[in-house]
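Student: Supplied in structure tokens, the structure appears directly below.
The values are calculated or read from the model by the stated rules, or taken from the named source; none is laboratory data. Source: prediction; values computed, not measured. Methodologically, a virtual Cβ is constructed for each residue, glycine included, from the backbone with ideal geometry; neighbour enumeration extends over all protein chains shown. All accessible areas refer to the heavy atoms of the entire protein, side chains included, with ligands and DNA or RNA removed. Shrake-Rupley method; radii C 1.70, N 1.55, O 1.52, S 1.80 Å.
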Amino acid sequence: MIRNTLRDLLFAKKYKEIHNMLEEYNPVDLAELLMELDDSELAAIFRMIDKEKAAEVFSYMEDDQRQTLLKGFTSQEISYILDTMYTDDAVDFLEDMPANVVTKLLEHVSGETRADINRLLKYPEDSAGSIMTVEYVELSPEMTVGQALAKIRRVGIESETVYTCYVVERKKLVGIVTAKALMTNAETVQIADLMQDNFISVRTTDDQEDAAKLFRKYGLIAIPVLDLEERLVGIVTFDDAIGVLTDETTEDMHKMAAMAANEESYLKTGVFRHARNRIGWLLFLMFSATITGTIITRYEAAIAAVPLLVSFIPMLTDTGGNCGSQSSTLVIRGLAVDELHFKDLFTVVWKEFRVSLVVGTVLAAANGIRIYVMHRDLGLAAVIGISLIGTIIVAKMVGCMLPIFAKQLRLDPAIMAAPLITTIVDTCSIIIFFKIATMVFHL
């Protein structure tokens, strides 16, 4: 194992070999490798990484490892790491730190870096301003291509991206120009003649998830971020957008499984934290299910007359819950990728209604034949078949409409997922089943 090799080299004090070995890894893989080390080995190995590469590796490490390293770092090492990190990465790191730790860390960075970090920390947590970076290439319309390329060579190493440059006049963004345009035109051409003035941008206060979706929609590498006065204050890059979408997807998955969202990884979350995240929804769903029990007790006479009815309740409720879950999953996904909107409500309802008729008819026919073969009771087969069709129609209507209404009310559609819809559909299916049974058997 590589971990054991590093340990042996460290014990033998073969630091040059360790340095050469670490050089073979890219920053992401190196961060994963360091995760396998003990705290006592971590600081020693980390100090053998080239300084410029170390800052990037540090940005990919887990928070607990970074805190371990900071405890053993000197003021100069802290200053270098934070000054070398891209501002947005430094902000992401500092946002997870206690306030007193942040204050202490900022004492060791340069005044310019401190000002940039403090400005970003003031934006709302889920805003585009909180994930933007201030390291970008700024050009003026009067520049020539030659002057622009010279500036990129000078400041590009400190910029998060040079593929898109931003043309600014009186602090306001007037256009963008791509590296491709700069490299394929003569050095005497003015930037004003190359820039595109029809560009996509976001405001600092826009939701970060909405900003991230623009990358998927328009295939962008970076999006400029403007303040309320249309001044360019930063850019959001695609790697930050991927991070946002990953976090949002994780949060939606938790909510769809009836759990509170949790940013920590599964293994690093304690037992009681896991229990706390789950127990709230479970209590709600458990007590909601008592409604179903109350309805069943109202039909004790029907059950007494035809005891066999009880054996079909699980099949009906499970089928209804599964059908509702299918519809809600498709609709929630459509809402998440901006494929569906509130104006599509009736189109979605009409489509799901037709789907439910097809699915319900097939399942009812299959069950009806099975019941008639097993029990030789045409009435019972009819009751179960009609109940199935009614249950599936209701389930798919509930499953497709609730997420859309939730989105319209500015709630997360993911909360209207399988557990909640199943509870609602269970109640409806029981009512439908016993209403039809009492009519058919005259109970």
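Student: Between ALA365, ALA304, which is over 18 Å from ALA381 (Cα atoms) and surrounded by fewer than 16 Cβ atoms within 10 Å (Cβ to Cβ)?
Tutor: Going through ALA365, ALA304 in turn, just one is over 18 Å from ALA381 (Cα atoms) and surrounded by fewer than 16 Cβ atoms within 10 Å (Cβ to Cβ): ALA304.
Student: Another question, if that's okay. May I ask you to list the residues in the range 122-146 that are assigned to a helix (DSSP H, G or I) and closer than 13 Å to THR204 by Cβ?
Tutor: ALA128, GLY129, SER130, ILE131
Student: A follow-up question, please. Name the residue that is farthest from ARG203 (Cα to Cα), counting only residues in the range 156-165 that are surrounded by 14 or more Cβ atoms within 10 Å (Cβ to Cβ) and hydrophobic (A, V, I, L, M, F, W, C).
Tutor: Only one residue fits best here, namely VAL162.
Student: Next question. So, in the range 222-253, how many residues would count as being more than 19 Å from the chain's Cα centre (by Cα) and either surrounded by fewer than 18 Cβ atoms within 10 Å (Cβ to Cβ) or acidic (Asp, Glu) (or both)?
Tutor: Of the residues in that region, 5 qualify.
Student: Looking only at the range 39-54, how many residues end up being in contact with a helix residue (DSSP H, G or I) (Cβ under 9 Å, 6 or more places away or on another chain), open to solvent by 20 Å² or more (accessible area, probe 1.4 Å) and within 19 Å of GLN67 (Cβ to Cβ)?
Tutor: Final tally of qualifying residues: 5.
Student: Every residue in the range 279-292 that is assigned to a helix (DSSP H, G or I) and over 25 Å from HIS442 (Cβ atoms), please.
Tutor: ILE279, GLY280, TRP281, LEU282, LEU283, PHE284, LEU285, MET286, PHE287, SER288, THR290, ILE291 - these are the residues of the range 279-292 that are assigned to a helix (DSSP H, G or I) and over 25 Å from HIS442 (Cβ atoms).
Student: Would you confirm, using the coordinates I've provided, whether THR391 is of a type outside the set (D, E, K, R), within 30 Å of LEU282 (Cα to Cα) and in contact with a helix residue (DSSP H, G or I) (Cβ under 6 Å, 6 or more places away or on another chain)?
Tutor: So THR391 passes the test.
Student: Another question about this same structure. If you go through the range 5-24, how many residues are exposed (fewer than 14 other Cβ atoms within 10 Å of the Cβ) and under 36 Å from the mean Cα position of the chain (by Cα)?
Tutor: So the answer is 2.
Student: Cβ contacts < 6 Å: first residue of a type in the set (Asp, Glu), restricted to the range 50-63; second residue part of a helix (DSSP H, G or I), any location; separation 6+ or different chain. Result?
Tutor: If the second residue must be part of a helix (DSSP H, G or I), the pairs left are GLU56/PRO27.
Student: Restricting attention to the range 126-151, which residues are under 36 Å from the mean Cα position of the chain (by Cα) and either small (Gly, Ala, Ser) or open to solvent by 10 Å² or more (accessible area, probe 1.4 Å) (or both)?
Tutor: Selection gives ASP126, SER127, ALA128, GLY129, SER130, ILE131, VAL134, GLU135, TYR136, GLU138.
Student: Report yes if VAL168 is buried (at least 19 other Cβ atoms within 10 Å of the Cβ), touching a strand residue (DSSP E or B) at 6+ places or on another chain (Cβ under 8 Å), of a type in the set (A, V, I, L, M, F, W, C) and under 18 Å from LEU226 (Cβ atoms), otherwise no.
Tutor: no
Student: Let me ask you something else. Filter the helices (runs of 4 or more DSSP H) completely within the range 1-97 down to those with at least 2 residues that are within 29 Å of THR204 (Cα to Cα).
Tutor: Those helices (runs of 4 or more DSSP H) span 51-60, 63-72, 75-84, 87-95.
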